[in-house]
Amino acid sequence: MTHPAATATTHPATLIATLPPLSVVLAALALGALLWGLGYATACAVTPFGRCRHCNGHGKSIKPNGRVKRWCRRCDGTGLRLRIGRRLFNYLRRLHRDAR
Ligand SMILES: [Zn+2]
């Protein structure tokens, strides 16, 4: 008797046949992108400010002895930054307001 693992070989053609069709994959990707976009738009509306990436939200860099080395120049020491989506929304709103 031969070992089952020795005889069971999966052919590459059967592996491709088990994949879902391309239209299903593209629809799932489009749905995922739509859900991500809705979530990001909600985040931009609810919390327009995110943590500053330069100082990680601290607003300052700290020396090893615990004293403030210098205030963050990118966020002026606030530790906050405006999200890119909110910046885009503000730009579009300003453009719409000025066009009237
Ligand atoms: Zn900062």
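How much mean residue ellipticity at 222 nm does the chain get from its helices, if each DSSP H run of length 4 or more adds -39500 (n - 2.57) and you divide by all residues, to the nearest 500 deg cm²/dmol?
Working: 4 runs with 52 residues, N = 100.
That comes out to -16500 deg cm²/dmol.
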Convex hull projection area averaged over all views, the range 21-99, Cα basis, nm²:
8.8
Treating only Lys and Arg (+1) and Asp and Glu (-1) as charged, each at its beta carbon, one finds that the chain has a dipole about its Cα centre, in Debye to the nearest 20, of 1260
Picking from Ala13, Ala28, Ala43, which is most flexible by a Gaussian network model of the chain using Cα springs under 10 Å?
Ala13
Sorted by chain and then number, the residues having a modelled amide H within less than 5 Å of the amide H of Leu80, at least 5 places away or on another chain, are Cys52
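Expressed in nm to one decimal, what extension gain is obtained for the pair Asp98 and Leu38 from 0.36 nm per residue of sequence separation less their Cα-Cα distance? It would help to have the intermediate numbers written out before the result.
On the way: separation 60, 0.36 × 60 = 21.60 nm, distance 2.67 nm.
Extra length available between Asp98 and Leu38 comes to 18.9 nm.
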Looking at the chain, which Cys residues are left with no other cysteine's beta carbon under 4.7 Å from theirs?
Cys44
Among Ala27, Pro64, Cys44, whose Cα projects farthest towards the positive end of the dipole of the chain, with charges put on the beta-carbon of Lys, Arg (+1) and Asp, Glu (-1)?
Pro64
Please compute the modelled spin-label separation between Leu80 and Arg53, points set 7 Å along Cα→Cβ, answer in nm with one decimal.
2.0
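Bear in mind these aren't lab numbers, they're just calculated from the coordinates by the rules spelled out. Model, not experiment: these values are computed from the prediction. Cβ sites come from the backbone with ideal geometry, for glycine too, and all protein chains shown count toward neighbours.
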